[in-house]
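Below you'll find the structure, written out as structure tokens, and then a few comments.
The values are calculated or read from the model by the stated rules, or taken from the named source; none is laboratory data. What you are looking at is a predicted structure, and each value in this text was computed from that prediction instead of being measured. Glycine also receives a Cβ, built like all others from the backbone with ideal geometry; neighbour counts cover every protein chain displayed. To get the accessible areas, we keep the full protein, side chains included, count just its heavy atoms, and leave off ligands, DNA and RNA. Shrake-Rupley method; radii C 1.70, N 1.55, O 1.52, S 1.80 Å.
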Amino acid sequence: MSTTSLDRIDIKILNELQQNASLTNVELASRVNLSPSPCLARVRTLEKLGVIDRRIALLDPAVLGIGVTAFIQIKLEKQVQTSLENFTRSIDRLAQVMECYLMTGESDYMLRVMAADIEDLEDLIVNKLSRIPGVSSIRSNLALKRISYKTVLPIDTNRPVTVKACANPSRPLERSPRPRYDPTGPLLSDAPIGLDTNRPSYSVERL
């Protein structure tokens, strides 16, 4: 495993891009007090290191009519490798599952899911999650109100940051090709909210 240290300028670049990934290279360079060429070179290096994973557009779920957030605890019949792998593959295919964690404690998995309404959530639990082989119990809790939500990782320019690069990850992520950084203009793609193009239920109301 190799390591690479990030300096204060690298961290400034990351903080700026976390706040606004649509910045052009010229705008970014100005904000971190660099000329465009070395700024772009640093961004390319951060991409190659895997520090910058990808660039996305963050959509507003309320505007899109996705109004239900739930946290679901799932327990498997047996916590063996084949069951874990099968569950992981099944979860990856469900657009409503925004996050999934393998847990300690009574439950094996914790899911954060988003749905258009209660009926949509019920369909997810009854017709999809409960039919995954090996699932023994499902417990769900509805979120009444989101109090805090952040996408910016807490990296401090006053503290050294060391990047650890693993040459052979145990489970490489399966993704479409990453959108690369465009030095001439903004790039927004790969929105994390799963919108079903087969359901005409998403409507936007202007207040």
Residue satisfying condition, being open to solvent by 30 Å² or more (accessible area, probe 1.4 Å), modelled with pLDDT under 95 and not polar (S, T, N, Q), within set Glu85, Glu119: Glu85
Residues located in region 54-86, provided they are in contact with an Asp or Glu (Cβ under 9 Å, 6 or more places away or on another chain), within 18 Å of Ser107 (Cα to Cα) and among the β-branched types (Val, Ile, Thr): Ile74
Close pairs (9 angstrom Cβ cut-off, 6 or more residues apart or separate chains): under 19 Å from Tyr149 (Cα atoms) in region 44-73, exposed (fewer than 14 other Cβ atoms within 10 Å of the Cβ) and aromatic (Phe, Trp, Tyr) anywhere: Leu64/Tyr202; Gly65/Tyr202; Ile66/Tyr202
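Residue-by-condition table, conditions (1) open to solvent by 30 Å² or more (accessible area, probe 1.4 Å); (2) within 15 Å of the chain's Cα centre (by Cα):
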position: Ile13; (1), (2): no, no
position: Lys75; (1), (2): yes, no
position: Val80; (1), (2): yes, no
position: Met98; (1), (2): yes, yes
Matching option when the condition is at pLDDT below 95, open to solvent by less than 80 Å² (accessible area, probe 1.4 Å) and not in a helix (DSSP H, G or I), among Pro133, Pro61: Pro61
Scope region 1-53; condition within 18 Å of Asp156 (Cα to Cα) and among the acidic types (Asp, Glu); matching residues: Asp7, Asp10, Glu16
Residues of region 39-58 classified as out of contact with any strand residue (DSSP E or B) (no Cβ under 7 Å at 6 or more places or on another chain), hydrophobic (A, V, I, L, M, F, W, C) and surrounded by fewer than 17 Cβ atoms within 10 Å (Cβ to Cβ), total: 4
